[in-house]
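Every number here is computed from the coordinates shown, using simple stated rules; none is lab data. What you see is a predicted model, and the numbers here were worked out from it, not measured in a lab. All Cβ positions, even for glycine, are placed from backbone atoms using ideal geometry, and neighbour counts span all protein chains on display.
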Amino acid sequence: MFKTNNVVGCIFEDKGKFLFEKRSDKEDNYAGFWTFPMGHKRFYETKKFALKREMHEELNIKLKFSDLVFVGTFKDIDPTSKKPYIFHIYACKYQKIKIKGTKEQEKIEWLTLGQASKKNLRDVTKRIILRFKKMRYLQRPNSKV
């Protein structure tokens, strides 16, 4: 029985483009897939603290808790390692990001959702996008469901 890996991730949007990263083909989890910036939550961390730490490590940015909006929790089985993952996803107000990247990422790019849909996305990433789009729709004035 595998332990479940808890991951935190953040959706960054600027002028209709979203920050995506392509994981290296040599990674031991989600190898070669495009996703939002993410990282592992340590067992003693809160989700928000883990997100703040990971985004600082991976993107060299300092998140403010007040800028985070919870999008949802999503479950998935990693096709590379076959291990279960739980993703805790937040959206963040845009801020200037100096992309530094890590060895886990092959590329980091700002993409429209149309461009991203042509990339190698996991089903869990597609579910995250759908939830985020629904949240944005519900936040519009005069929106009807």
Quiz prompt | Length released on extending from Ala31 to Ile86, taking residue separation times 0.36 nm less the Cα-Cα span | solution = 18.1 nm
Quiz item: Hey, fewest Cβ within 10 Å first, where do Met38, Met135 land in order?
Solution: Met135, Met38
Practice problem: Give me Trp110, Trp34 ranked fewest to most by other Cβ atoms within 10 Å of their Cβ, as a rough exposure proxy. | Solution: Trp110, Trp34
Quiz item: Between Phe43 and Lys118, what FRET efficiency comes out of the Förster formula 1/(1 + (r/R0)^6) with R0 = 41 Å and r the beta carbon distance, rounded to 0.05?
Solution: 0.65
Self-check item: Amide H contacts of Glu27 (H built 1.01 Å from N, under 5 Å, at least 5 apart or other chain)
Solution: Gly32
Practice problem: Excluding residues on the same chain fewer than 8 positions from Lys48, give the aspartates and glutamates whose Cα lies under 18 Å from its Cα. | Solution: Glu57, Glu58, Asp67
Quiz item: Using the Karplus equation 6.51 cos²θ - 1.76 cosθ + 1.60 (θ = phi - 60°), what ³J(HN,Hα) coupling, rounded to whole Hz, does each residue of the stretch 62-77 give in order, writing x for Gly and Pro?
Solution: 10, 7, 9, 4, 5, 8, 9, 10, 6, 9, x, 10, 9, 10, 7, 10
Quiz item: Label Ile77 and Asp14 with points 7 Å out from Cα along Cα→Cβ: what is the distance between them in nm?
Solution: 3.9 nm
Self-check item: Ascending count of other beta-carbon atoms within 10 Å, so fewest first, for Ile89, Ile11, Ile77
Solution: Ile77, Ile11, Ile89
